[in-house]
Amino acid sequence: AAEATEVFLRGQGIDFTPAVLFKTVVSDLSDLAEVFYDIIVFFSPSSVQSLFVNFPDFEQKNTRIAAFGNTTKQAILDAGLILDIAAPTPEAPSMTMAIEQYIKSIK
C-alpha cells in the first residue's frame, strides 16, 4: 500500500520524503521462560506472533487468554488458543471491564 501511495504522489508531482513513524518488532522475552501467568492479554495480532516467536512450544494449559479487538481475537483463534476474554463488547467496552466481568462469572 505504501508503494502505491508513493507512485500516486510522485505521479501528481508532489514533493515528499517517506518516513517510518513506527515499526513493530518482537521483543526478546526469553528471560520469562519459567514465569507463568493466570491471564495473558493481547492487544494486537503481532503480540500473539511474539508469544510464539519467544516460546515456540507454548502450551496454554490453565492460562486464560484475553484479546482486545477483532483482528487480535482472530489471531488467537488462528494460533489454536482458547479465547477466554474478549473486548470490546457492548457490555465491556474496555479490557478492564471484560476481565472484571470474567472474574465475577467464574466465582
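The values are calculated or read from the model by the stated rules, or taken from the named source; none is laboratory data. Computed from a predicted model, the values in this text were never measured in an experiment. Because the Cβ atoms are built from the backbone with ideal geometry, glycine has one as well, and the counts that use them run over all protein chains shown. Ligands, DNA and RNA are stripped out before the accessible areas are found, and what is left, the full protein with its side chains, is counted by its heavy atoms. Shrake-Rupley method; radii C 1.70, N 1.55, O 1.52, S 1.80 Å.
Taking only region 57-82 into account, find how many residues are surrounded by 18 or more Cβ atoms within 10 Å (Cβ to Cβ) and farther than 22 Å from GLU100 by Cα. Going through region 57-82 one residue at a time, the tally reaches 1. Across region 83-93, which residue is farthest from the chain's Cα centre (by Cα) among those that are of a type outside the set (Ser, Thr, Tyr) and open to solvent by less than 70 Å² (accessible area, probe 1.4 Å)? Checked region 83-93; the qualifying residue farthest from the chain's Cα centre (by Cα) is ALA92. Residues in region 56-107 that are among the β-branched types (Val, Ile, Thr) and touching a Ser or Thr at 6+ places or on another chain (Cβ under 9 Å): THR71, THR72.
Count of region 26-36 residues, restricted to those that are open to solvent by 90 Å² or more (accessible area, probe 1.4 Å) and out of contact with any helix residue (DSSP H, G or I) (no Cβ under 9 Å at 6 or more places or on another chain), is 3. If you go through region 37-91 and pick out every residue that is touching a helix residue (DSSP H, G or I) at 6+ places or on another chain (Cβ under 8 Å) and of a type in the set (S, T, N, Q), you end up with 8.
Evaluated against (1) open to solvent by 40 Å² or more (accessible area, probe 1.4 Å); (2) closer than 16 Å to LEU29 by Cβ, PRO45 falls short on exactly one condition, (2).
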